[in-house]
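The values are calculated or read from the model by the stated rules, or taken from the named source; none is laboratory data. The shown structure was predicted, so the numbers you read here are calculated from the model rather than taken from an experiment. Note that we place each Cβ from the backbone using ideal geometry, even for glycine, and neighbour counts take in every protein chain shown. What goes into the accessible areas is simple: the full protein's heavy atoms, side chains included, and nothing from ligands, DNA or RNA. Shrake-Rupley method; radii C 1.70, N 1.55, O 1.52, S 1.80 Å.
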Amino acid sequence: MSIAANNPQLVSWVEVPPGSDFPIQNLPFGIFKTRYLGAVAGVAIGNHVLDLVYLHENGFLDGLGLPAGIFNQRYLNNFIALGRKTTRAVRNRISELLSAEVAALQQNVAARELALIPMQEVQMLLPVQISNYTDFYSSEEHATNVGSMFRDPKNALLPNWKHLPVGYHGRASSIVVSGTNLHRPKGQIKLPDSEMPVFCPTQKLDFELELAFITSKSNALGTSITTTEAEDYIFGFVLFNDWSARDIQQWEYVPLGPFLGKNFGSTISPWIVTMDALEPFRVRGPEQFPHVLPYLAYEGDKSFDINLEVLIEPQEGEATTVCRTNAKYLYWNVNQQLAHHTVNGCNIQVGDLYASGTISGPSPGSFGSLLELGWNGQRPLQLANGQHRKFLEDGDTVIIKGYAERNGIRVGFGTCAGKILPAL
Ligand code: CA
C-alpha cells in the first residue's frame with residue numbers, strides 16, 4: 001500500500017529536531033487547548049502543533065468533503081467516524097502543506113504564525129470520548145510470568161491461552177490523558193497471614209505497559225468483523241498504562257476477573273498515531289502453534305515493530321528506565337483481537353479503545369510491569385537515586401515512551417505519563 005504522507009523522502013519546512021517523535025511522516029492527531037483556544041483538533045509536527053480549525057476555516061483543507069466545524073469539537077470521534085479514506089486524505093493534505101516543496105502555507109507568513117503553535121503553549125486533552133474499553137492479555141511472556149508466579153511454572157499458561165486472545169471489559173470513564181495525576185487507590189486487601197481482609201490504600205501499586213488501538217467504525221449488533229476486515233475499523237494507536245493495584249486484584253479477581261484493582265484509572269498518550277503512519281513498520285508476528293481456529297487465521301504482516309520503554313521518576317531524583325521492550329513480541333495481533341471480540345456478534349463502536357495487555361519481552365529487562373520486573377517484590381529494582389522499588393511509591397511518575405524507526409524515519413508516540421499522589 002502506498003500512502004503519500006509516508007514517503008521517507010519528505011522533509012518539512014517546520015523544524016523537526018533530531019530524535020523527534022513527530023517528523024512529517026508521522027502527523028498524529030490530538031485535541032489541545034491554549035490560553036486563547038478552547039478544545040480544538042491538531043496535528044503534531046516537530047515541537048509544534050498544527051491547528052486544524054485554522055487550516056479548515058481558511059481553505060487549506062478544501063475539497064476533502066469535510067463537514068463544517070469538524071475540528072472545532074471536544075473530541076475526535078466525529079472526525080474519525082468519517083472513515084479511513086477521508087482521514088487518510090486529510091493526513092496526506094497536511095503532509096503536502098508541511099512539505100518543504102510546497103509553498104501554500106510555507107510562504108504565507110500570517111497563516112504560518114497562526115496555524116503553528118509551540119508545543120509548550122498547549123495543553124493536550126483526552127483525544128476521543130471513549131465509548132468502550134477492552135483489555136486483552138496478548139503477551140505470551142507476560143501471561144507466562146504471571147502464571148509462573150501465581151500458579152505453576154510448569155503449566156503457566158491456562159489451556160485456553162493459545163486458542164483465543166483472552167480479554168475482559170474494562171472501565172472507560174476513568175481513562176485519563178497523560179499528565180493527569182492519580183491518587184493511590186484504597187480497597188480490600190487480604191494479607192497472607194490474616195484470616196480477614198482489611199481496607200487500606202494499596203501496598204502493591206503497579207503500572208502495565210500496553211499499546212491500545214482506537215476504532216473508527218461500528219458493526220451492527222449480531223454481525224462479525226473478520227481478520228481481513230479488521231483494519232478498516234482501526235484509526236490508530238496510543239500508549240496505554242493500565243495502572244494496577246496487585247493486592248486488591250489478587251483478592252477480588254476470582255471468579256470474574258479484574259475490577260477495583262484496575263478501574264481507578266488508566267492513562268493514554270494524547271497523540272493518536274494513525275494506522276497509516278505505522279504501515280512501514282509492519283513485521284511478521286510470532287509463529288502460532290497450535291494452529292488457531294479458522295476465524296482467527298490471518299495473512300500478511302500484522303505485527304508492528306514499535307520500541308517501548310518505561311521510566312520511573314521518583315519525587316526526588318532523575319528518572320530511571322526500568323523496562324525496554326517491543327510491540328512485536330505480542331502473540332495475538334489486532335486483527336485477531338477484533339475478529340475474536342466480534343465473532344459472537346458483539347457490536348463495536350466509534351471511539352472504542354482496545355488495549356493489548358501488558359507487553360513483556362523474553363528478557364528480564366523487557367518485562368512490562370513491576371510485578372514481573374521485581375518478581376512480586378522478591379527482587380526490588382534500584383533507581384538512579386539509590387532508592388529501591390518493589391512497587392510504586394507516592395510521588396512516583398511513570399512515563400511510557402514508544403517509537404518505531406526504520407531507514408532513518410522515526411514515528412513516535414510522545415509520552416504517556418502519570419504521577420501517583422497519596423491516597424485520599
Ligand atoms: Ca492490562
Region 292-333, subset in contact (Cβ under 8 Å) with a residue 40 or more places away in the chain and in a helix (DSSP H, G or I), residue surrounded by the fewest Cβ atoms within 10 Å (Cβ to Cβ): TYR295
Inter-residue pairs, beta-carbon under 7 Å, first over 21 Å from VAL334 (Cβ atoms) and touching a residue at least 24 places away in the same chain (Cβ under 8 Å) and in region 129-157, second within 15 Å of the ligand (Cβ to nearest atom) and hydrophobic (A, V, I, L, M, F, W, C), 6+ apart: ASN145/PHE367
Contacts under 9 angstrom Cβ, first residue in region 252-268 being without any contact (Cβ under 8 Å) to a residue 24 or more places away in the chain and more than 20 Å from PHE237 (Cβ to Cβ), partner of a type outside the set (S, T, N, Q) and not in a loop (DSSP other than H, G, I, E, B), 6 or more apart: LEU256/TYR168; PHE259/ILE248; PHE259/GLU252
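Residues checked against (1) buried (at least 19 other Cβ atoms within 10 Å of the Cβ); (2) in contact (Cβ under 8 Å) with a residue 40 or more places away in the chain; (3) outside any strand (DSSP E or B):
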residue	(1), (2), (3)
PRO8	no, yes, yes
PRO18	no, no, yes
ASP21	yes, yes, yes
ARG35	no, yes, yes
Filter result (part of a loop (DSSP other than H, G, I, E, B) and touching a helix residue (DSSP H, G or I) at 6+ places or on another chain (Cβ under 6 Å)) within region 377-414: PHE391
Residue within region 137-144 that is of a type in the set (S, T, N, Q), under 27 Å from ALA212 (Cβ atoms), open to solvent by less than 40 Å² (accessible area, probe 1.4 Å) and not assigned by TED's automatic domain parsing to the domain that holds ILE214 present: no
Residue in region 56-75 that is outside the structural domain of PHE413 (by TED's automatic domain parsing), closer than 20 Å to LEU125 by Cα and among the hydrophobic types (A, V, I, L, M, F, W, C) present: yes
Residue in region 147-160 that is surrounded by 21 or more Cβ atoms within 10 Å (Cβ to Cβ), more than 16 Å from the chain's Cα centre (by Cα) and not aromatic (Phe, Trp, Tyr) present: no
Meets criteria (open to solvent by 60 Å² or more (accessible area, probe 1.4 Å), away from the ligand (no atom under 16 Å from the Cβ) and under 18 Å from ILE214 (Cα atoms)) for GLN336: no
Given (1) closer than 30 Å to GLU208 by Cα; (2) over 24 Å from the mean Cα position of the chain (by Cα); (3) of a type outside the set (Val, Ile, Thr), index of the condition LEU125 fails: (2)
Unique match (being modelled with pLDDT under 95 and under 30 Å from ILE312 (Cβ atoms)) among GLY265, GLY257, GLY179, GLY236: GLY257
Selected residue (only one of ASN344, ASN407, ASN326, ASN335 is at pLDDT below 95, more than 28 Å from GLN203 (Cα to Cα) and of a type outside the set (Asp, Glu)): ASN407
Residue count for region 38-77, restricted to those that are assigned to a strand (DSSP E or B) and among the aliphatic types (A, V, I, L, M): 7
Answer from VAL146, VAL166, VAL90 - the residue that is among the hydrophobic types (A, V, I, L, M, F, W, C) and away from the ligand (no atom under 16 Å from the Cβ): VAL90
Residue within region 83-93 that is over 27 Å from ASP232 (Cα atoms) and either open to solvent by less than 50 Å² (accessible area, probe 1.4 Å) or part of a strand (DSSP E or B) (or both) present: no
Selection count where residues are open to solvent by 30 Å² or more (accessible area, probe 1.4 Å) and either within 16 Å of the ligand (Cβ to nearest atom) or of a type in the set (Val, Ile, Thr) (or both), scope region 111-136: 1
Residue among GLY368, GLY374, GLY357, GLY351 that alone is away from the ligand (no atom under 16 Å from the Cβ), assigned by TED's automatic domain parsing to the domain that holds GLU229 and in contact (Cβ under 8 Å) with a residue 24 or more places away in the chain: GLY351
Members of region 355-397 found to be open to solvent by 60 Å² or more (accessible area, probe 1.4 Å) and closer than 14 Å to ARG246 by Cα, listed by number: LYS390, GLU393
